[in-house]
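One structure is given here, and the rest of the page talks about it.
The values are calculated or read from the model by the stated rules, or taken from the named source; none is laboratory data. This one's a predicted model, so the numbers in the text were calculated from it and none came from an experiment. Here the Cβ is made from the backbone with ideal geometry for all residues, glycine too, and neighbour counts use every protein chain on show.
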């Protein structure tokens, strides 16, 4: 298996390539080839790395979110559906080592398997290079989604709040949007301008969510200056 394209996608070159191969080995493949282990132990480890990285980022970045709101954001980010989308963006399905039965049943597209492999690879990177490269990958992959979910963890509408706050000062916000990525996994970036100056930026998987993320940061910035 040529791991170089995968390593490029992950931004990590494995000193121990066997760890990467293990992270891609489904139990069906292990059973057919009489291997002792599959990716499941690495998945267990990677889940802990993922939880810590997201939790620490939320704690450090979103001082305005209460504990309950941070828990909601984390739950929206660290789940099977979100991780499966990450796996699809990375093209992990093509690297999976599957048994024949799992191959025939469409295992390369199953959310349950794809999400497991994301966690297993994080566990492998942690063992191969330590916590820092694993955390870096988590943040690279999930920061836009974290920002999107943190912009509205409950019923808050940060754009409306910002509009009202600026109106008191005789000002109006203006948003400029750009987009990157393929059609099935676009990331939108909103730049928020007030009185000709850029006040904040935000990212999200839709234009509305990117604007909400930018408005949340603008509200926080304006609150600090009074």
**Request:** Among the residues of the range 175-196, count how many are within 23 Å of the chain's Cα centre (by Cα) and assigned to a loop (DSSP other than H, G, I, E, B).
**Result:** 3
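Out of 105, 115, report the one residue that is surrounded by 18 or more Cβ atoms within 10 Å (Cβ to Cβ) and either over 19 Å from residue 2 (Cα atoms) or not assigned by TED's automatic domain parsing to the domain that holds residue 20 (or both). Spell out how you get there, then give the answer.
On the way: 105 fails: surrounded by 18 or more Cβ atoms within 10 Å (Cβ to Cβ).
Every option except 115 fails the conditions.
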**The lone exception for residue 68 - which of (1) farther than 17 Å from residue 43 by Cβ; (2) touching a residue at least 60 places away in the same chain (Cβ under 8 Å) it fails** = (2)
**Message:** I want to confirm something. Restricting to the range 201-221 and keeping residues that are touching a helix residue (DSSP H, G or I) at 6+ places or on another chain (Cβ under 7 Å) and part of a helix (DSSP H, G or I), which single residue is nearest to residue 190 (Cα to Cα)?
**Reply:** 211
**Asked** For the range 15-46, how many residues meet the condition of being surrounded by fewer than 20 Cβ atoms within 10 Å (Cβ to Cβ), in a loop (DSSP other than H, G, I, E, B) and touching a residue at least 12 places away in the same chain (Cβ under 8 Å)?
**Response** 3
**Request:** State whether the residues of the range 149-159 include one that is part of a helix (DSSP H, G or I) and under 30 Å from residue 94 (Cβ atoms).
**Result:** yes
**Asked** Just one of 89, 85 is modelled with pLDDT under 95 and touching a helix residue (DSSP H, G or I) at 6+ places or on another chain (Cβ under 6 Å); which is it?
**Response** 89
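Using the structure shown, decide if residue 93 is part of a helix (DSSP H, G or I), closer than 30 Å to residue 215 by Cα and free of Cβ contacts under 8 Å to residues at least 40 places away in the same chain.
On the way: part of a helix (DSSP H, G or I): yes; closer than 30 Å to residue 215 by Cα: no; free of Cβ contacts under 8 Å to residues at least 40 places away in the same chain: yes.
When the stated conditions are applied, residue 93 does not pass them.
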